[in-house]
Structure formats: structure tokens, C-alpha cells
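Accompanying notes for the structure given below.
Taken together, the values in this text are just the output of simple stated rules run on the coordinates, not laboratory data. The structure presented is a predicted model; accordingly, all values stated were derived computationally and were not measured. FYI the Cβ positions are ideal-geometry reconstructions off the backbone, even for glycines, and counts take in every protein chain you see.
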Amino acid sequence: MSAALTTTVLSGALRRIIEKLEACADELNSLDAQLGDGDLGVTLVRGGRALAAELPNLPEDLALALQSCAQALTKLSGSTYGTLLATGLMGAAKATKGHTEVPWTEVSVLLGTALQAMARRSGAQLGDKTILDALESARAATLGLEDPAALVTAADRAVAESIERFRKRPSRQGRARIFGEMTIGRDDPGMVGFKRIIEAIKQNPGP
């Protein structure tokens with residue numbers, strides 16, 4: 001198991017994420033159809049395939065590798081979710097400039113950096129029942145953790161709890177907010193999508 005986050009570890013995680021997104025596309029489409037356009041699964045599959053094309057060429061410089069991943073996602077024209085993920089990756093890239101590895105204890109900091117960038121881009125706030133709330137839960141749960149397996153397990157548990165907690169609240173951002181109180185009792189598709197990404201990494205947090 002790798003002692004730090006590297007491009008090799010990132011590539012391995014992305015391969016598992018891509019496979020996971022292919023497998024759960026119908027689930028995410030169905031969730032999104034209740035509150036949005038019904039294409040979140042399709043969007044993430046397209047994003048995964050774009051990332052797959054980049055994997056063989058990712059540089060050892062972690063910042064450049066994250067930047068390449070972000071650029072691949074920006075090709076998903078018209079996808080708000082894809083744009084947000086790309087924005088988060090770009091934020092993380094800036095924070096890792098010049099590094100070929102990042103200690104696991106710094107992953108929480110990277111999640112926080114990504115969160116801030118995504119919040120600025122989207123105009124959403126914590127509590128709006130979006131991916132930002134899931135990301136914040138993961139950030140808080142992983143603070144100071146140095147074992148990658150424990151880190152991913154903590155993030156997975158925290159995001160699951162966040163989804164359950166926000167299920168009882170209305171959506172306040174994006175197309176979902178149009179449905180108002182009808183969104184109470186329904187899971188936010190973006191939060192679930194982020195949960196599936198973590199589940200893929202959890203299979204093997206190493207390279």
C-alpha cells in the first residue's frame with residue numbers, strides 16, 4: 001500500500017471509479033430523473049471514459065496529473081456536475097503544484113481546497129443539499145488520518161451519514177430546488193454519485 005498519494009495511486013483509483021460509474025449509471029440516471037434531467041449516470045460515464053483516455057499519459061507531477069483529469073472533464077459540455085468536479089480537481093491541482101506525492105494526512109486539506117473552489121464556481125452553500133455537503137462530510141471525517149484504508153472508510157461512512165441526514169431536508173440548489181418540499185425524502189443524486197466514487201476507491205485505496 002502506498003505511503004502517499006501519487007499519480008500511480010491516482011491512476012489506480014480512477015480505473016476503479018470508471019468501472020463503478022459504468023455499473024451504477026442506471027441508478028444515478030433514475031435518481032436524477034426524480035429531481036433533474038435524468039442524465040447524471042450518462043454524464044459520469046462519459047466523464048469516466050474521457051478520463052480513461054488520459055490515464056496512460058498522466059505525468060508524475062501530481063498537480064499536472066490532476067489538471068489533465070480536470071481538462072478531460074471540461075469537455076462534458078453542458079454538464080454542471082462535470083464542471084463542478086473539474087473545478088474541484090483544478091483547485092486540488094493548484095494545491096499540489098510541484099509535488100510528485102502528497103502525504104495521506106493532507107488529503108483532507110485537498111478536499112477542503114476542492115470544496116472551496118466548487119462553492120465559488122457554483123454559488124452553492126453548505127446546507128443546500130448538494131455534493132458540497134457530501135464533500136464537507138468527507139473532509140471533516142478524514143482530518144489528520146494517515147492510513148489510506150482508514151481514510152477512505154471514514155469518508156465513506158461520513159458521506160453515507162450525510163446523505164441520510166439531508167434526505168430529510170429540501171433541495172436548495174440547481175433544478176431540484178424547483179420541486180421545493182417535494183425533494184424531502186429523496187436523495188440528492190450528486191451526493192449519491194460522490195458516494196459511489198468513494199465506494200470504488202474503498203475497494204483498494206492503494207495503487
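Data table
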{"item": "Set of lysines with alpha-carbon distance to LYS168 below 22 Å, sequence-local pairs under 8 removed", "result": "LYS129, LYS195"}
{"item": "Nearest 10 degrees, 0 to 90: helix 25-35 Cα axis against the chain principal axis", "result": "40"}
{"item": "Candidates per trypsin sites (Lys or Arg not before Pro) in segment 3-108, loop by DSSP, up to 13 other Cβ within 10 Å", "result": "LYS75, LYS97"}
{"item": "Between 0 and 90°, nearest 10: helix 148-166 axis offset from the chain longest Cα axis", "result": "10"}
{"item": "Order of MET118, MET182 - criterion: other Cβ atoms within 10 Å of each residue's Cβ, fewest first", "result": "MET182, MET118"}
{"item": "Peptide ranges 102-112, 24-34 listed from the most packed, as the mean C-beta count within 10 angstrom indicates", "result": "102-112, 24-34"}
{"item": "Within straight-line cross-link reach of LYS20, aspartates and glutamates at Cα separation under 13 Å, skipping those fewer than 8 residues along the same chain", "result": "GLU199"}
{"item": "Trypsin sites (Lys or Arg not before Pro) within segment 119-207, DSSP loop, no more than 16 other Cβ atoms inside 10 Å", "result": "ARG167, LYS168, ARG172"}
{"item": "GLN71 versus ARG169: modelled label distance in nm, points set 7 Å from Cα along the beta carbon direction", "result": "3.7"}
{"item": "Folded to 0 to 90 degrees: helix 80-95 orientation relative to the chain principal axis, Cα", "result": "30"}
{"item": "Prolate/oblate/rounded label for segment 53-104 (Cα gyration tensor, a/c 1.5)", "result": "oblate"}
